[in-house]
Structures are given as C-alpha cells and as structure tokens.
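Enquirer: Can you keep this structure in mind? I'll have questions shortly.
Every read-out reported here was derived from the displayed coordinates using simple, explicitly stated rules and does not represent laboratory data. What you are looking at is a predicted structure, and each value in this text was computed from that prediction instead of being measured. Note: ideal-geometry Cβ built from the backbone for every residue, glycine included; neighbour counts use all protein chains shown.
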Amino acid sequence: MALGPRLDLRQSQSLVMTPQLQQAIKLLALSNLEIEAFIGEALEANPLLELGEVSRDAGEPDTMSLAAREEQGADALIAEGRGGEDRPLDIDPSAIDSDRDTGDRDTGDWGRAGSMTGGEDGPGIDERGEGELSLAEHLARQAGSLAYSDGELAAALHIIGLLDEAGYLPVDLREIAGELGVSLAEAEDALELVQSLDPTGVGARSLAECIALQAKEANRYDPCMARLIDNLDLVARGDFARLKRMCDVDDEDFADMLAELRGYDPKPGLRFGGGEAAAVVPDILLAPARGGGWDIALNEATLPRLVVNRSYYLELRHGCAGKEARGWLREKLADANWLIKAIDQRQKTILKVAAEIVKQQDGFFRRGVSDLKPLTLKAVAEAIEMHESTVSRVTSNKYLHCERGTFELKYFFTSGVGSADGEGASSEAVKARIKALIDGEDAKKILSDDTLVDLLKAEGFDLARRTVAKYREAMGIGSSVQRRRQKKMRGL
C-alpha cells in the first residue's frame, strides 16, 4: 500500500458552546431578583434595550392551568411563541465539562446556583443546604414542616420577617396580633413556634429571654439558673456576692453557672452573616383553578419586560456612516434580540418544570406535608424530557408561593422511606408524623425511639431506630430522657 497525502471528507456532529449559549444556561439558575439585576446591567450596556410594560401584549398574564399544560405537551410548551432560532434551555452537562477553556463550568453541590446533581437521585433532604443562607430563609424552611395549621404558619412567617439581624423580635406581640387580625393567644403560639426553631434563642424579646431559651434547650434552666438570668444586670456589674446569695449556691456551683452562662450566644441570628433578614420573594405563583387543578404563573412583579427600541435603532442606523459603526449597531441589535428570546425561554422552562413538580406533589398542595411524596430530579427530568442538570438549575434559588406558604422548589425533592403501600413516604411527612406523636405524648409516659418505631410501623412507615433518632434530632427534639426532665420541670 502506497503512502502519500490525500483528502478525506467526514461528517460529524458536535455541540459548540458559544458565549451566548453559556449565558442562556446560566440564566436558568438565577432567581427573578438576580435576573432583574442582570437586566439592569444589560440596559446600561445596550442603548437599544428598554423596559416595556410588565403585562403581555395581549393583556393576559403568563399563566396556564396545569391541565392545559398536560394536554399541550412538553414540546409544544417550549415551542410556544419562539422563533426558528430558539432552542429549549436544556443541555447535557458533559458538553459544558468538555469546554475547559471557558473557565465558566458549573460545579459544586446543591447549595450553589447552577450546580450539578450530586448523584442519580440527588442527595436526601437532610443533606440539602445552601451556603450563605439568610436567617429568614433558614427559619422559614423549618417552620413550614412544624406548623400545626396554615394560620399558625402564616403568623410564624410574619414574625420571622420582623426579626432583626441578631434574631430578636423588636415588635410588641399585641401589635403583631392586631396586624394579623388574630388573638393574642394565637400570636403567642406562633412566637412559640419561632422560638422552637434553630438556632435556639431566635424570636426572643430580650437578652434574658434569649439566654433562657438556650438554657432550657440545654436542660439547665433550673430555679437557680433562672434567678441568675433574671439578674443579668448584676452579672454585668460583677456583683457576684449578691448573686450567690440570691441563687443560694456555693462558690463551685456559682462558677459552673457563670461558665454555662458565658457559653450561650447572646445574638444567635448573627451566625447567618449578620445581615438583615430579607423576606423571600417568590418567583412562581400557584393558585387553585376554577374548574379544578392549578393555575401557575411567574411573578412578573419582579421580572421586568425587555423590548427593542425600534425607532431609536432606525435613527441610529441613518446616522451610521462608517462600516465599523454599522457593524457595532448590528451587534447591539443581535444582542438585544438574543437576550429577549433567552429570557422568554427561561420563563417557559421554569413554568414547565414547576408544572411537573405541582403535578407530582398534588397531594401536598391539597392536604399538606403528610402527603409529600418522594421525588427526584431524575423523575422530573424524564417526565418533561429534559436533562437532570437543567432541572437542577431551574430549581436553584427559585421559590413557589401557594396557599400553604412560600417554598423553595428544591423543598419538593425529598428522599423516601419504606411504607406499607410500596410507594414510599417522604422524609418530610415522616418528620411531621414523629413530631405529632411526640407532641401528643403523655408526660408520665414519654415515647422512646423504639416505641416511636413501633407506632410508625403500625401506621405503615418502615423505619429503623437510628433513622427515627436522626429525624428527631434534625427537628431539634430531645431524647426521651431530656423530654421527661423538661416536662417534669414544667410541672414544678
């Protein structure tokens, strides 16, 4: 066989990650408020862009019933209103990983915007978390699964929104009750719920109450410690002789009490960055439809609408004499058109994912956390024919508001435990049931973890003792020994 140069023709397909495509993918992971900031920068950089009316041209909101979305189908939903150049914002992560020269790869875990999934089914609910969570976000996540009713949850979330950066409640409880139109007892129940959340001490109205909450959590709030906490002004002045007489303790016990006191955190809220607790702004709004089902809409109040200023473009085009100026104007027009299409596709992709989540978790929206089903990114991705990484981006930093409160989209992706019906039960539903059993226990007959396992098995939940203990500790509930001491102390 002779060796020599020759020409060959070959056909191949490859995905080219253009800067625009990379930016479009990153837009998926941004919340509406982050998109608003991004749009503000785009308006400064592109003179052809301007803000239009929030409402759509037809005067109808960007909303659609869940039933209509199911009938329309995934492909039709993505194709709605797009031009021939648009593509669904869905991409295999391997394409991004292969483009190593850009330096913009999305890596990390669930707690970061634009993150990849940690595994095929994603991490469990106890492993999910976010870096740089605000105090309000951290408390709201816990309150959603611990409230006894929608009214108590609404009042608790209102109180959470009033907390200062240190975690204290600076507003009188009577004033809060008046604003919410509830009784003082109901406001006190909501405050008690907030004060039961992690970190211990939040929701306190004074330094003494904050320290007392932490002492109770540590099972150290005996009559002597109570008198010490009630006289913190004497501690500050160093009047230890008087304090020892008031507490009726010797030098050794008093030294232990002071050491215990110094170990408590006077400003528990500051461990979340010390910034103001900002209210969560929902990206998606969910409401019951008239004929049954659900109406889903984007919160357009936080999403400005972009348009191209055509008249200004024509004016600039007539004034462009040179080739370089005309090229710059064409580039700005193309950038403006691309950004408008990318944001439009982002909206449709978010609505598509949210509609599938609502469909999968219909029981939760109708009946509460007890009907929250195990759900994975893979299940949603397969149902809507997208990649898991796309679903992960869409659910990052996005919040859905419904009648039961405001929830991060990732809240609906929960790990499952075995159940008698074979379908499995959400870990959140199991936590809610464990809390209900413990709250209803007799003070003279405290439920041990083994007893809880037996009771849960009788209700169809197949859990190991260590799993029950893990869930109990995650909710900040003490062991049976600790609860027995606390209830005995309350009875004194």
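Enquirer: Mind putting a number on the dipole of the stretch 152-277 about its Cα centre? Charges go on the C-beta only, +1 for Lys and Arg and -1 for Asp and Glu, and I need it in Debye to the nearest 20.
Expert: The calculation lands at about 320 debye.
Enquirer: Based on other C-beta atoms within 10 Å, arrange T302, T349 from fewest to most.
Expert: Ranking T302, T349 by Cβ neighbours within 10 Å, fewest first, gives T302, T349.
Enquirer: Another one. Non-local amide H neighbours of W294 (under 5 Å, H modeled in plane, Pro and chain starts lacking H): which ones?
Expert: Those qualifying (amide H under 5 Å, at least 5 residues apart or on another chain) are L66, A67, A289.
Enquirer: Modelled label-to-label distance, Y312 and D256, 7 Å Cα→beta-carbon offset: nm?
Expert: 7.3
Enquirer: Could I ask something else about it? Based on other C-beta atoms within 10 Å, arrange D8, D150 from fewest to most.
Expert: Ordered by Cβ neighbours within 10 Å, fewest first: D8, D150.
Enquirer: If packing is taken as the mean number of other Cβ atoms within 10 Å per residue, what is the order of 329-336, 177-184, 316-323, 353-360, highest first?
Expert: Per-residue mean Cβ counts within 10 Å order the peptides as 353-360, 329-336, 177-184, 316-323.
Enquirer: Would you mind getting me the FRET efficiency between L133 and A289? Use the beta-carbon distance for r and R0 = 41 Å, nearest 0.05.
Expert: E between L133 and A289, to the nearest 0.05, is 0.80.
Enquirer: Using the Karplus equation 6.51 cos²θ - 1.76 cosθ + 1.60 (θ = phi - 60°), what ³J(HN,Hα) coupling, rounded to whole Hz, does each residue of the stretch 308-313 give in order, writing x for Gly and Pro?
Expert: With the stated coefficients, the stretch 308-313 comes to 8, 6, 5, 5, 5, 4 Hz.
Enquirer: If R₀ is 35 angstrom, what is the calculated FRET efficiency for the pair L51 and A383, using the beta carbon separation as r and rounding to 0.05?
Expert: My answer for the efficiency is 0.50.
Enquirer: What number results when the radius of gyration of the stretch 152-277, computed over Cα atoms, is divided by 2.2 N^0.38 Å?
Expert: Cα Rg divided by the expected 2.2 N^0.38 Å: 1.18.
Enquirer: Can I ask one more? Just to check I understand the Karplus step: with θ = phi - 60° and J = 6.51 cos²θ - 1.76 cosθ + 1.60, what whole-Hz values come out for the stretch 354-367, glycine and proline as x?
Expert: Per-residue couplings from phi come out as 4, 4, 5, 4, 5, 5, 6, 10, 4, x, 5, 5, 8, 10 Hz.
Enquirer: Ok, one more. What's the FRET efficiency of A185 with A443 using the Cβ-Cβ distance as r and R₀ = 22 Å, to the nearest 0.05?
Expert: 0.55
Enquirer: At 0.36 nm per residue, and after removing the present C-alpha to C-alpha distance, how many nm does the segment from T302 to K26 gain when stretched out fully?
Expert: Result for the pair: 97.5 nm of gain on full extension.
Enquirer: A further question follows. My understanding is that a pair violates if its Cα-Cα distance is over 21 Å; which of K378/K431; K216/K431; K352/K410; K435/K470; K444/K470 do that in this structure?
Expert: Going by Cα-Cα distance, K378/K431; K216/K431; K444/K470 fall outside the 21 Å limit.
Enquirer: Assuming 0.36 nm per residue, please report the length gained on full extension of the stretch D248 to L7 beyond their Cα-Cα distance.
Expert: Answer, rounded to one decimal: 76.8 nm.
Enquirer: Also, I was wondering about something else. Residues with amide H under 5 Å of A204's amide H, sequence separation 5 or more or different chain, H placed in the peptide plane at 1.01 Å from N; which?
Expert: Residues meeting the amide H criterion: L169.
Enquirer: Could you let me know the centre-to-centre spacing of the stretch 326-376 and the stretch 251-320, using Cα atoms, in angstrom?
Expert: 18
Enquirer: A follow-up question, please. Along the three principal axes, how long is the stretch 220-354 when you take its alpha carbons, biggest first, rounded to the nearest angstrom?
Expert: Principal extents (Cα only, largest first): 92, 53, 20 Å.
Enquirer: Residue by residue through the stretch 266-271, which ³J(HN,Hα) values in whole Hz follow from phi under the Karplus form 6.51 cos²θ - 1.76 cosθ + 1.60 (θ = phi - 60°), with glycine and proline marked x?
Expert: x, 9, x, x, 6, 5
Enquirer: Taking amide H positions as placed 1.01 Å from N in the peptide plane, with prolines and chain starts having none, which residues 5 or more places from T414, or on another chain, fall under 5 Å of its amide H?
Expert: Amide H to amide H, under 5 Å and 5 or more residues apart or across chains, T414 pairs with L375.
Enquirer: Another question, then. What's the percent breakdown of Cα-Cα distances in the stretch 189-256 across 10 Å bins, shortest bin first?
Expert: Using 10 Å bins, I get a P(r) of 20, 46, 25, 9, 0 for the stretch 189-256.
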